[in-house]
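Beneath this line is the structure, given in structure tokens, with notes to follow.
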Amino acid sequence: MQSDESSDDSALLIRDILIHVIKHPDAKDTAEGIHKFWLSAQTAHQSRDKVREALKYLSEQKRWLTQKNAGAAATLYGLDKRYLGEVRAYLRRRGDVN
């Protein structure tokens with residue numbers, strides 16, 4: 001996940017995605033929609049490829065996000081609510097939420 005990208009930038013990108021799903025647990029969107037609407041000004045400069053890498057990490061390795069096919073080339077991502085407490089605890093440890 002964090003090869004050429006600084007780990008700080010990757011961590012901020014992951015934080016933004018997780019904060020969004022904590023605030024909006026029913027939210028679902030494509031990688032492009034997440035890039036356009038879910039990120040803060042601090043991470044909006046990240047490439048779509050970096051967003052896809054973060055989504056892959058959060059859905060396939062951490063399993064905190066779900067992936068659902070929504071047509072030929074679209075995948076929707078959203079919070080796996082079974083992990084809501086774990087995601088909140090992660091963000092609390094980082095000091096990102098109360």
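Here, each number is a calculation from the coordinates, and none is a lab measurement. It should be emphasised that the depicted structure is a prediction, and the values quoted were computed from it without experimental measurement. Cβ placement follows ideal geometry from the backbone for every residue including glycine, while neighbour counts extend to all protein chains displayed.
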Would you please classify the overall shape of region 7-94 from the alpha carbon gyration tensor, given that a ≥ b ≥ c denote the square roots of the eigenvalues, rounded means a/c under 1.5, and beyond that prolate means a/b larger than b/c while oblate covers the rest?
-> oblate
Inter-site label distance for residue 32 and residue 19 at 7 Å from Cα along Cβ, in nm = 2.6 nm
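Return a whole-number percent for the relative contact order of the chain, with Cα pairs under 8 Å and 6 or more residues apart as the contact set. Can you show the working numbers first?
On the way: 107 pairs, mean separation 31.1, N = 98.
In percent, rounded to a whole number, it is 32.
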In the chain, which whole DSSP H runs stretch at least 18 Å along their own axis (Cα) and average 0.5 or higher on the Kyte-Doolittle scale?
-> 7-23
What is the extension gain from residue 42 to residue 7, computed as 0.36 nm multiplied by their sequence separation minus the C-alpha to C-alpha distance, in nm to one decimal?
-> 11.2 nm
Please report 88, 15, 48 as a ranked list, fewest other C-beta atoms within 10 angstrom at the top and most at the bottom.
-> 48, 88, 15
